[in-house]
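Everything below concerns the one structure shown next.
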Amino acid sequence: MPAAPEAAARDTVLARNRQATHEYSILETFEAGIELHGTEVKAIRGGRTHLREGYVRVEGGEAWLHGVHVQPYEQGNVHNHEPERRRRLLLHKREIEYLDGKVRQQGLTLVPMKIYLRHNRIKLEIGLARGKKLWDKRQAIAERDARRDAARVTRTAMR
């Protein structure tokens with residue numbers, strides 16, 4: 001019996017970069033595949049990856065993921081992967097050219113947002129981002145606190 005369409009639409013998030021939305025204003029997001037070797041798939045499925053220090057760079061017409069730490073798979077052997085190696089991202093040529101143009105002309109940054117499973121394949125969500133200044137961060141925190149206070153007041157008024 002095939003799975004319900006709602007169940008197929010949900011993606012399993014394996015790792016998330018929570019710091020990215022605090023440090024950057026995300027303008028656009030893109031989905032990319034990742035070229036992985038050997039035991040990296042099992043390590044990522046086990047949730048043993050960190051996106052916090054990661055970034056994406058376009059080099060020679062290809063997109064590369066740098067600074068993402070994937071811990072070695074514990075049940076692996078001598079052919080375990082290198083934890084800090086750069087990984088090629090699988091994007092269409094037009095998408096790579098578009099992203100490269102935005103980064104070069106507008107000084108934007110490509111940030112990994114999350115790693116997730118879609119139809120049993122590991123995907124990476126990339127954010128085209130602009131760095132926030134300190135006052136931007138403070139303003140975002142103040143707005144979030146104001147929304148939380150307003151929700152709390154309406155909740156108590158409903159009781």
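In this structure the stretch 12-99 gives 61 Å² per residue of accessible area when probed at 1.4 Å with all protein chains present.
Listed by chain and number, the lysines whose alpha-carbon sits under 20 Å from that of Lys132, ignoring those within fewer than 8 places in the same chain, are Lys102, Lys114. A cut-off of 5 Å between modelled amide H atoms, ignoring neighbours fewer than 5 places along the same chain, links Tyr24 with Lys132.
Can you give the net charge of the other residues whose Cβ lies under 15 Å from the Cβ of His79, counting K and R as +1 and D and E as -1? Before the final figure, lay out the partial values.
Numbers: positive: Lys42, Arg85; negative: Glu40, Glu74, Glu82.
Surrounding charge for His79 is -1.
The calculated 222 nm mean residue ellipticity attributable to helices in the chain amounts to -10500 deg cm²/dmol, summing -39500 (n - 2.57) over DSSP H runs of n ≥ 4 and dividing by all residues.
The values are calculated or read from the model by the stated rules, or taken from the named source; none is laboratory data. Treat the numbers as computed from the prediction; the structure is a model and nothing was measured. Positions of Cβ are backbone-derived with ideal geometry, glycine not excepted, and every protein chain shown enters the neighbour counts. Each accessible area value is taken on the protein alone, full model and side chains, heavy atoms only, with ligands, DNA and RNA left out. Shrake-Rupley method; radii C 1.70, N 1.55, O 1.52, S 1.80 Å.
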